[in-house]
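**Q** I have a structure here, written as structure tokens, and I will follow up with some questions on it.
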Amino acid sequence: MSDYKENSLSLTGAVGLGTGVMISAGIFALLGQIAALAGTWFPVMFIVGGIVTGFSAYSYIKMSNEYPSAGGIGMFLAKAYGQGTITASAAMLMAISMVINQSLVARTFGTYTLQIFGMDATSYLVPVLAVGLLLFAFLVNISGNSFIQTFTSIVSLLKILGLVTFAMGGLWVAGFSITPAEGSGGTEDATIASIIAAVALTILSFKGFTTITNSGSEIVNPNKNVGRAIVISISISLFVYLLVAWAVSSNLPLDQIIAAKDYSLAEAARPAFGDYGVWFTVAIAIIATVSGIIASVFAVSRMLAMLTDMKLIPHKHFGMPGRIQKHTLVYTIVLAMVLAVIFDLSRIASVGAILYLVMDMIVHWGVFRHLRDKVDAKPWILITALILDGIVLTAFVWVKLMNDWLIVAVSLIFIIVIFVGEYVFLKNRDDGGEAHADHH
């Protein structure tokens, strides 16, 4: 059995977990990639991404109000589709996208840490540092909910204050001139497709709000506080993203932002504050990525444990002692380590965005088709969320097919393997021991 503790997370703790996941790789690693796709007005993409995320969050808030669960999205899907292939596969897409995000955050930690020593972001030390951070996250996560929520809440506050300080300083140096980054003849002009595709990465930087839904039954007064925590977390993150994006845009020309895509914040601090600014930015990045990893691992391990309890995914103990939740924690960390070693930042982010958007559309359709009356959801909001996701996903896949088709191929392989694997597993499982969606 898994180990869930009701009322072990406060509203503040839930917000800390949400912002802990969101304000990490989302702003540190993705800023340059978003600029490469959207061009000089890339900060605006965060507003668009925030709007799309707001529509998307509606389904999760409505479901959380009705079915608060430590399994979060896994439980929502079970309510909408039953305990079959669609539920299991979509939940696994979510879990894998979260693990991919963990590897993204871990590599971001390595990339920024090396800036202190003036080392290249392609150094072999990047995956080494990433693996070390993931190991640290494992040790923190086995220490219990109370320590986790206290740690992530404090660290989230520190990094938000740090990023706001960085942004205000950068805007002050630029005379608080909110102007787009200067273009360059060496950069490609953004197209409508690439601009829409950029929204996919901004959505990825907001998707940490799902961390809150995956801790639903552990939050105090979850029927109200899950929704509140989601809204507060998205609002805080959007404010911080906009402030930082405009600061970077005001201090670096577009070609330099794109060239330093994996560590653009550190590079933007250099002209404004010199080496001290770089060190300050790196310190914030380290704080942000550490809290992001811990919060994400916390959420995905609980989601996998819930899916195991529901007998929707296979589970092997491999001789490990303890509860299922601890086992899924180990699986989460190991997979994230492997991905952090194999893939670079841009490819990790792209695959994660595709898997997440596919899963998100499945959730919206499930709520619209089967549960909108039960959870008192407005159909037009659900359909709008579905359409927006579809537009963004189509544009993103199109751009990646033109520039890096391997990303699309890897994402498609992930999706096919997950759906086929779940179909085979569920077809051959022992139904006599099947758990039920209402188990928790």
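Read-outs: derived from the displayed coordinates by stated rules, not from any lab. Because the structure is a prediction, the values reported are computed rather than measured. Heads up, the Cβs are rebuilt from the backbone with ideal geometry, glycines too, and the neighbour counts pull from every protein chain shown.
**Q** State, to one decimal in nm, how far the label point of Ile192 lies from the label point of Ile383, with both points 7 Å from Cα in the Cβ direction.
**A** 2.3
**Q** What translational diffusion coefficient, in µm²/s and rounded to a whole number, does the Stokes-Einstein relation yield for the range 11-433 at 37 °C and a viscosity of 0.692 mPa s, taking the hydrodynamic radius as the Kirkwood radius over Cα pairs?
**A** Rounded, D is 155 µm²/s.
**Q** Still on this structure, please answer the following. In which sequence would Arg369, Arg347 go, from the one with the fewest C-beta neighbours within 10 Å to the one with the most?
**A** Neighbour counts put them in this order, fewest first: Arg369, Arg347.
**Q** Could you name the lysines in cross-link range of Lys79, using Cα to Cα under 16 Å and dropping any fewer than eight places away on the same chain?
**A** Lys62, Lys311, Lys374
**Q** Taking K and R as +1 and D and E as -1, what net charge do the other residues with C-beta under 14 Å from the C-beta of Ile96 add up to?
**A** Spelling it out: positives minus negatives among the neighbours equals -1.
**Q** Provide His327, His364, His370 in ascending order of the number of other Cβ atoms located within 10 Å of each residue's Cβ, fewest first.
**A** Going from sparsest to densest Cβ surroundings: His370, His327, His364.
**Q** Describe numerically, in nm with one decimal, the distance between label points set 7 Å from Cα along Cα→Cβ at Leu161 and at Tyr276.
**A** Label-label distance for Leu161 and Tyr276, simple model: 1.9 nm.
**Q** Could you put Ser233, Ser205 in order, starting from the residue whose Cβ has the fewest other Cβ atoms within 10 Å?
**A** Ranking Ser233, Ser205 by Cβ neighbours within 10 Å, fewest first, gives Ser233, Ser205.
**Q** Right, here's the next one. Once you put a point 7 Å from the Cα of Phe136 and another 7 Å from the Cα of Ile116, both along the Cβ direction, what distance in nm separates them?
**A** 0.9
**Q** Which peptide among 110-120, 49-59 comes first, and what is the full order, when sorted by highest mean count of other Cβ atoms within 10 Å?
**A** Packing proxy ranking, top to bottom: 49-59, 110-120.
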